[in-house]
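The values are calculated or read from the model by the stated rules, or taken from the named source; none is laboratory data. The shown structure was predicted, so the numbers you read here are calculated from the model rather than taken from an experiment. Backbone-built Cβ (ideal geometry, glycine too); neighbour counts: all protein chains shown. Protein only, heavy atoms only, side chains kept; ligands, DNA and RNA dropped before computing areas. Shrake-Rupley method; radii C 1.70, N 1.55, O 1.52, S 1.80 Å.
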Amino acid sequence: MSAPLRVALIGHGFMGAAHSQGWRVAPRFFDLPTQPQMSILVGRDPVSAAAAAEKWGWAESSADWRAVIDRPDIDVIDICTPGTSHAEIAIAALDAGKHVLCEKPLANTVAEAEAMTDAAGRASARGVYAMVGFTYRRIPAATLARDFVAAGKIGDVRQVRVNYLQDWLVDPESPLTWRLQKDLAGSGALGDIGAHAIDLAQFITGQSVTSVSGIIETLVKERPLVGARHGLSGTVTAERGAVTVDDVALFTGRFEGGALGSFEATRFSTGRKNSFRIEVAGSLGAISFDLEDLNALGFFDGTAAIGQQGFTKILVTEPQHPYLAAWWPPGHTLGYEHGFTHQARDFVEAIAADVQPTPSFADGLQVQRALAAVEASSNAGSAWTPILAREK
Ligand code: SOE
């Protein structure tokens, strides 16, 4: 049995549940060089943290993340808290010599992301590593898309089209949770799902976005307060509070290779639950990926004989496909949760090989700068040119 890698999870909301699944499953389906151990789950409330630890298979629970970071029997800190605490926890953990996995977006501000990246730089010099949790890269079809582009199968990238559509805020009575408060979440759709859109576009094309122009907007300006300021629980009250983040982000982007991108991130796309679609159009072909059909990759081969061209739907379930050798026979599909298992596997492999896991905090910082640029563009009002009526 290889050496253990003792993990502490901080935060036990939706991402805490998803990361727990990843840590639980990865060592049972991948032959890992070290064995991740689900040692401690940390939450603000001791009772709910203990219940979550019990339910998801963590050996202990704690309400004190600082004490956990100081423990010599912990090797990894996995941060699944709201963005407002990412920087404080990650920097303390890295300076204490712990490897860090931090949920996206990396931070709530560029300044925080820069400080985290500096701490990650100090730590990597000591063989301690940090990674940011953009898990959609680790869906096999998305990884295959990147491999196709890198292999030149679509030629030169010309256009990128990305939209990430949810609709969980369409009801104006949906309560004012932490995700709708700028001081806790940093931004709304822009940072929460727009960050995924930017990261996946950069990952698949292999090119950074170098400039953006866009608009962000809050469509419902106030909502009922939830009982506890942070909490998802508690009864909805008659009192209302201001929504201080964006509901929709629409922007264009220029890629370093010259390609043009169009991006949409919204929580008001009525009927779309978690529809994350990307299409990359090249000089010789195109790829398309849709999270709602995540085992398939669309591929248009422009070099095929005329009359035989068309988007083919590749079922990404062959053992030769990324990650698939560890899973089921061809045609037996994977799900959303497998991205988290692949994330845990890749993180463990990188640490054992003493190499920087990707995406690094520097990658997360680049996305953070892109988010800030979209917000700055919107604040500059550069999005609108009035269509002038004909002079009477
Ligand atoms: C909410 O928009 C959310 O949970 C995001 O925070 C996750 O990153 C995304 O994977 C699913 O939707």
Answer from Arg179, Arg146, Arg161 - the residue that is under 29 Å from Leu94 (Cα atoms), in the same structural domain as Thr303 (by TED's automatic domain parsing) and open to solvent by 20 Å² or more (accessible area, probe 1.4 Å): Arg179
Test: Ala197 is open to solvent by 10 Å² or more (accessible area, probe 1.4 Å), assigned by TED's automatic domain parsing to the domain that holds Phe289 and within 16 Å of the ligand (Cβ to nearest atom): no
All positions within segment 119-145 that are within 12 Å of the ligand (Cβ to nearest atom) and part of a loop (DSSP other than H, G, I, E, B): Phe134, Ile139
Might you let me know whether segment 71-81 holds any residue that is buried (at least 18 other Cβ atoms within 10 Å of the Cβ), assigned by TED's automatic domain parsing to the domain that holds Glu103 and over 17 Å from Phe340 (Cα atoms)? yes
Yes or no: segment 97-111 includes at least one residue that is open to solvent by 40 Å² or more (accessible area, probe 1.4 Å), farther than 30 Å from Ala325 by Cβ, out of contact with any Asp or Glu (no Cβ under 8 Å at 6 or more places or on another chain) and touching a residue at least 40 places away in the same chain (Cβ under 8 Å). yes
Being more than 16 Å from the ligand (Cβ to nearest atom), farther than 23 Å from Asp95 by Cα and either among the aromatic types (Phe, Trp, Tyr) or open to solvent by less than 40 Å² (accessible area, probe 1.4 Å) (or both) narrows Phe30, Phe14 down to just Phe30
So which residues in segment 265-292 are touching a Gly at 6+ places or on another chain (Cβ under 9 Å) and open to solvent by 60 Å² or more (accessible area, probe 1.4 Å), if there are any at all? Glu279, Leu284
Could you check segment 182-225 and list, in sequence order, the residues that are more than 17 Å from Val170 (Cα to Cα) and not in a helix (DSSP H, G or I)? Gly186, Ser187, Gly206, Gln207, Ser208, Val209, Thr210, Ser211, Val212, Ser213, Gly214, Ile215
Does any residue of segment 38-57 turn out to be within 19 Å of His99 (Cα to Cα), in contact with a Pro (Cβ under 8 Å, 6 or more places away or on another chain) and away from the ligand (no atom under 16 Å from the Cβ)? no
Which residues, counting only those in segment 313-333, are open to solvent by 70 Å² or more (accessible area, probe 1.4 Å) and outside any loop (DSSP other than H, G, I, E, B)? Lys313, Leu315, Ala325
With the condition kept exactly as written, say whether any residue in segment 166-174 is more than 13 Å from the ligand (Cβ to nearest atom) and in contact (Cβ under 8 Å) with a residue 60 or more places away in the chain. yes
Assess whether Leu106 counts as being in the same structural domain as Ala120 (by TED's automatic domain parsing), within 13 Å of the chain's Cα centre (by Cα) and within 24 Å of Glu349 (Cβ to Cβ). yes
I'd like the residue in segment 265-296 that is of a type in the set (Asp, Glu) and assigned to a strand (DSSP E or B) and, out of all such residues, is farthest from the ligand (Cβ to nearest atom). Glu279
